[in-house]
Amino acid sequence: MTEFRKIALSTGVTLNVAFAGPADAPPVILLHGFPESHRTWRSVAPLLADRFRLVMPDQRGFGGSDAPPDVDAYRIDRILADLFALADALGIGEFALVGHDWGGAAAWAAAIKGASDQSGRVTRLAIINAPHPVIFQKSLIEDADQRAASQYITAFRTPGMEAAIEAMGFGAFFDKSFRNHVDLAAIDPAERAQYIAEWSQPGTLTGMLNWYRASQIIVPPPGVTVPIPDWLLGAFPKIHIPVRVIWGMDDKALLPMQLDGLDRLVDQLDIVRLSGVGHFAPWTAPGQVADALAPFLAGQPPATGAA
């Protein structure tokens, strides 16, 4: 990552954006998730920067970007408005889009929007351990294991969670957030310190948690029967652009069932399954992630036999 810029958007927020790769190379926007920043891509970007112009923002509420305090500022329409406003600010028309975790949720939403209104700016979509909203919501209602694995969402939505995390200490929060997903002993202390410094900025923790609070996803308590929410009953547009889903199969938060039925929602789909890799695949398996991304982003067809 050779360049950083603060970019004021027409949406009213200023984002901190990292760039890598030649300015005239095909543009790829990469969206991180919780509780991260552009640093999600710190080991992946160097493996792609010889071929692509990589644009890696801290999304609103994270890292060095603005963190509006209101929950409504984190509705998905606001997140998508940032994405396209960033592309506009950089003079980018069409682009490939990559997303992990919450960044993947935003990326799915961008592709669904494009299928709905034919805006067509996202030409290729790569998803890393982030569920399609239809499959995720259904699994939270119908599958006890996924529901149990997702109870942390309810905790993050709780009023006063910021105070609880601050009382715990950001170091303890770091360990609790990542210990089930990565080898804590393998994390560079400087990297850990950088994340803690980002979370400690005034308003940032609230901004990060507001992504959960603004989401319309329903997470029922264990053992409770709930109906399918109204928003899920309508017809979701099928995504027609090429989509590659890269999935760490040892993900403890988003179970592999999130892959089931994707072919009914995406008509140009292939899936790359990473055995022995967990949720934070860009951290723990950057080479495998880059190997899966590079040919796809370059427009090559999937290998014979890809799922």
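Scanning the stretch 28-81 for residues that are in contact with a strand residue (DSSP E or B) (Cβ under 9 Å, 6 or more places away or on another chain) and among the small types (G, A, S) yields a count of 7. Go through the stretch 254-302 and report how many residues are surrounded by fewer than 19 Cβ atoms within 10 Å (Cβ to Cβ), outside any helix (DSSP H, G or I) and among the charged types (D, E, K, R). Total meeting the criteria: 3. Are any of the residues in the stretch 98-108 outside any loop (DSSP other than H, G, I, E, B) and over 27 Å from E191 (Cβ atoms)? Yes, the stretch 98-108 has at least one match. From the list P68, P35, the one residue that fits, being under 27 Å from G287 (Cβ atoms) and outside any strand (DSSP E or B), is P35. I'd like the full set of residues that are more than 21 Å from R42 (Cβ to Cβ), touching a strand residue (DSSP E or B) at 6+ places or on another chain (Cβ under 7 Å) and not β-branched (V, I, T), limited to the stretch 106-151. Those that are more than 21 Å from R42 (Cβ to Cβ), touching a strand residue (DSSP E or B) at 6+ places or on another chain (Cβ under 7 Å) and not β-branched (V, I, T): W108, A110, A111, G114, A115, R121, R124, L125. Taking the criterion of being closer than 27 Å to A96 by Cα, in a loop (DSSP other than H, G, I, E, B) and not basic (K, R), the residues of the stretch 226-245 that qualify are A235, F236, P237, H240, I241, P242.
Sub-7 Å Cβ pairs linking a first residue in the stretch 17-40 that is crowded, with 22+ Cβ neighbours inside 10 Å to a second residue that is of a type in the set (S, T, N, Q) and in a loop (DSSP other than H, G, I, E, B), at least 6 apart or interchain, are A20/T2; L31/Q59; H32/Q59, ordered by first then second residue.
A quick yes/no check of all residues on (1) in contact with a Gly (Cβ under 7 Å, 6 or more places away or on another chain); (2) within 20 Å of F62 (Cα to Cα):
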{"site": "D143", "(1), (2)": "no, no"}
{"site": "Q146", "(1), (2)": "no, no"}
{"site": "S150", "(1), (2)": "no, no"}
{"site": "E162", "(1), (2)": "no, yes"}
{"site": "G171", "(1), (2)": "no, yes"}
{"site": "D175", "(1), (2)": "no, yes"}
{"site": "D188", "(1), (2)": "no, no"}
{"site": "I196", "(1), (2)": "yes, yes"}
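Among the residues of the stretch 10-32, how many are part of a loop (DSSP other than H, G, I, E, B) and touching a Leu at 6+ places or on another chain (Cβ under 6 Å)? So the count comes out to 1. Candidates are the residues of the stretch 207-225 that are assigned to a loop (DSSP other than H, G, I, E, B) and among the polar types (S, T, N, Q); the one that is farthest from the chain's Cα centre (by Cα) is T225. Kindly evaluate A163 against the criterion of being of a type in the set (A, V, I, L, M), assigned to a helix (DSSP H, G or I) and more than 21 Å from K252 (Cβ to Cβ). Spelling it out, A163 is indeed of a type in the set (A, V, I, L, M), assigned to a helix (DSSP H, G or I) and more than 21 Å from K252 (Cβ to Cβ).
In summary, S116 fulfils each of the numbered conditions (1) surrounded by fewer than 18 Cβ atoms within 10 Å (Cβ to Cβ); (2) not in a helix (DSSP H, G or I) with the single exception of condition (2). In the stretch 48-63 there is no residue that is farther than 30 Å from Q288 by Cβ and in a strand (DSSP E or B). Scanning the stretch 199-231 for residues being exposed (fewer than 13 other Cβ atoms within 10 Å of the Cβ), β-branched (V, I, T) and either touching an Asp or Glu at 6+ places or on another chain (Cβ under 7 Å) or in contact (Cβ under 8 Å) with a residue 60 or more places away in the chain (or both) gives a total of 2.
In this structure, R244 qualifies as touching an Asp or Glu at 6+ places or on another chain (Cβ under 8 Å) and within 23 Å of R42 (Cα to Cα). Of the candidates A167, A130, A172, the single residue that is of a type in the set (A, V, I, L, M) and in contact with a His (Cβ under 8 Å, 6 or more places away or on another chain) is A130. Among the residues making up the stretch 193-206, those that are in a helix (DSSP H, G or I) and either of a type in the set (S, T, Y) or over 20 Å from the mean Cα position of the chain (by Cα) (or both) are A193, Y195, A197, T204, T206.
Every number here is computed from the coordinates shown, using simple stated rules; none is lab data. These figures come from a predicted structure and were not determined experimentally. Counting neighbours? That spans all protein chains shown, and the Cβs are built from the backbone with ideal geometry, glycine included.
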